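Taken together, the values in this text are just the output of simple stated rules run on the coordinates, not laboratory data. Since the structure is predicted, the reported quantities are computational estimates derived from the model, not experimental observations. Cβ: placed from backbone, ideal geometry, glycine included. Neighbour counts: every protein chain shown.
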Amino acid sequence: MTRLEETSTGRQPAVARTAGLDARIVVERGSFRLDVTLTAAPGEVVALLGPNGAGKTTALRALAGLVPLAVDGRLLLDGSALDRTPPEARPVGVVFQDYLLFPHLTALDNVAFGPRCRGASKAEARAVAANWLERMGLADHAGARPRRLSGGQAQRVALARALATRPRLLLLDEPLAALDARTRLEVRAGLRRHLAEFEAVAVLVTHDPLDAMVLADRLVVVEHGRVVQEGTPSDVARRPRTDYIARLVGLNLYRGVAEGHTVRLDTGPVIISTEVLTGPAFVAFPPAAVTLFRERPSGASARNLWRCEVAGLETHGDRIRVDLTGELPLAADLTTVAAAELGLQPGITVWAAVKAAQTHAYPA
């Protein structure tokens with residue numbers, strides 16, 4: 001939005017300051033081009049999701065100033081252009097995947113490092129650091145060096161160090177990836193609490209859908225350097241638009257052309273749904289919605305039935321994930337008892353059934 005201001009040299013356009021993040025992250029490296037538009041309001045947590053090589057970490061490094069933007073990129077934070085601002089001068093805090101704590105400094109001095117770099121006296125910086133360690137539940141570990149800290153404690157020290165400078169943009173690069181499963185659960189809950197209290201913009205890079213769903217207000221999915229889908233976690237999980245997202249949220253996903261309750265897939269088969277649509281459409285259903293039979297069922301109520309072949313089996317949580325090929329390639333989740341009773345093994349023929357009410361069709 002622009003407005004006109006009177007100046008000594010006449011009426012000149014001025015840009016109104018806008019709170020939050022407004023960025024077009026354009027980075028070129030050889031044949032790879034990252035071009036991602038990212039906006040966020042203060043208090044919002046945005047998660048960047050995508051497969052390896054999609055450009056997530058490159059985007060984060062560009063926001064931090066560690067990778068230069070191309071000429072057609074932009075980076076505005078609270079209305080101020082940061083494109084040419086050096087990393088150390090940006091109001092940005094970063095939590096790296098391996099935390100990068102200084103091994104020779106105590107937890108207190110690690111957290112005090114940022115304020116000291118911003119001009120605070122040693123006493124002031126240590127007071128700020130002590131306050132943050134207390135907020136993180138680490139007051140008793142202020143004198144410990146990183147090697148004496150657990151993974152969860154080190155993560156909280158790294159977060160405290162990033163927040164101690166009162167950044168207007170907080171960047172988190174796979175902040176829970178280095179933790180074991182049990183510690184991850186506890187630290188994730190704590191991180192969510194701290195992010196909920198953070199008044200500026202936070203951008204999280206992760207490959208873990210649960211981290212993204214729990215921590216973020218909005219998901220931005222990047223593939224091959226481009227945004228392919230964005231929305232709230234529930235919207236993205238319910239209406240995936242690429243195979244990567246469907247796998248991420250655990251759905252079978254297909255694309256076709258809808259006419260009424262019928263979606264004819266691009267690959268040939270038909271899926272019946274309860275939704276009424278016309279035109280290009282996606283249709284999805286969870287693996288748990290699939291029922292398998294060794295013989296073609298005669299009295300099954302499911303309106304979707306396909307002849308398939310077992311391509312593979314693997315343990316998936318407390319269930320068996322069955323990979324099927326044939327009329328409709330799909331994944332099915334069965335209990336171990338059901339899989340044993342069916343005598344499933346690679347190469348055998350089965351019939352896969354899904355009720356129309358368990359599918360979800362939506363415009364492509």
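E199 to F293: extension gain in nm, 0.36 nm per residue of separation minus the Cα-Cα distance? Don't skip to the end; give the middle numbers.
Values: separation 94, 0.36 × 94 = 33.84 nm, distance 5.39 nm.
In short, 28.4 nm is gained.
Cα atoms only, the chain: Rg and Dmax in Å?
25.4, 87
Relative contact order of region 216-278: what whole-number percent is it, with Cα pairs under 8 angstrom and at least 6 residues apart? Intermediate values should be presented prior to the final figure.
Working: 79 pairs, mean separation 11.3, N = 63.
So the answer I get is 18 percent.
According to a simple spin-label model (label point 7 Å from Cα along Cα-to-Cβ), what is the distance in nm between T267 and T232?
Placing both labels 7 Å beyond Cα along the Cβ direction yields 3.2 nm.
What is the extension gain from D140 to C117, computed as 0.36 nm multiplied by their sequence separation minus the C-alpha to C-alpha distance, in nm to one decimal?
Details: separation 23, 0.36 × 23 = 8.28 nm, distance 2.48 nm.
Full extension of this stretch gives 5.8 nm more.
What trypsin sites (Lys or Arg not before Pro) in region 255-364 are in a loop by DSSP, with at most 10 other Cβ atoms within 10 Å of the Cβ? Each step should come with its number before you reach the end.
Numbers: sites: R255, R264, R294, R303, R307, R319, R321, K355; in loops: R294, R303, K355.
Here no trypsin sites (Lys or Arg not before Pro) fit, given the DSSP loop and packing criteria.
Loop only by DSSP, 12 or fewer other Cβ within 10 Å of the Cβ. Give me the GluC sites (Glu not before Pro) in region 280-364 that pass, ordered by residue number.
Answer in residue order: E295.
Work from the charge dipole of region 14-104 (Cβ charges, +1 for Lys and Arg, -1 for Asp and Glu, about the Cα centre) and give the residue of G50, F96, G20 farthest towards its positive end.
G50
Please report the relative contact order for the chain, taking Cα pairs under 8 Å with a sequence separation of at least 6, and give it as a percent rounded to a whole number.
It comes to 15 percent, rounded to a whole number.
Which residue, S273, S31, S150, has the most motion in a Gaussian network model of the chain that connects Cα atoms within less than 10 Å?
So, out of S273, S31, S150, the one fluctuating most is S31.
Any idea what the dipole of region 14-238 comes to, in debye rounded to 20, about its Cα centre with Lys/Arg Cβ at +1 and Asp/Glu Cβ at -1?
Values: 29 positive and 25 negative charges, 112 e Å.
Charge dipole, region 14-238, about its Cα centre: 540 debye, nearest 20.
Where does region 195-237 land on the Kirkwood hydrodynamic radius, alpha-carbon pairs, in angstrom?
Details: mean 1/r = 0.0892 Å⁻¹.
The Cα-based Kirkwood calculation yields 11.2 Å.
I'd like the Karplus ³J(HN,Hα) series for region 331-347: coefficients 6.51, -1.76, 1.60, θ = phi - 60°, whole numbers in Hz, and an x wherever there's a Gly or Pro.
Karplus-based 3J(HN,Hα) across region 331-347 equals 10, 10, 10, 10, 5, 4, 5, 5, 4, 5, 5, 7, x, 5, 7, x, x Hz.
For region 288-355, what are the per-bin percents of Cα-Cα distances with bins 5 Å wide, up to the bin holding the maximum?
Answer for region 288-355: a P(r) of 4, 19, 32, 28, 14, 3, 0 percent.
Quick one: 3J(HN,Hα) in Hz for region 153-166, Karplus 6.51/-1.76/1.60 with θ = phi - 60°, rounded, Gly and Pro as x.
Here the 3J(HN,Hα) series is 5, 4, 4, 5, 5, 4, 5, 4, 4, 5, 7, 5, 8, 6 Hz.
Of all GluC sites (Glu not before Pro) in region 156-227, which ones are in loop regions per DSSP and have a Cβ with at most 11 other Cβ atoms within 10 Å?
Here the GluC sites (Glu not before Pro) that fit, given the DSSP loop and packing criteria, are E199.
In region 164-273, if every C-alpha pair distance is counted and binned at 5 Å from zero, what percent goes to each bin?
Spelled out per bin, shortest first, that is 2, 10, 17, 18, 17, 13, 8, 4, 7, 3, 1, 0.
For the chain, what does the helix formula give at 222 nm: sum of -39500 (n - 2.57) over DSSP H segments with n ≥ 4, over the residue count, nearest 500 deg cm²/dmol? Before the final figure, lay out each step's value.
Values: 9 runs with 91 residues, N = 364.
Taken over the chain, the calculation gives -7500 deg cm²/dmol.
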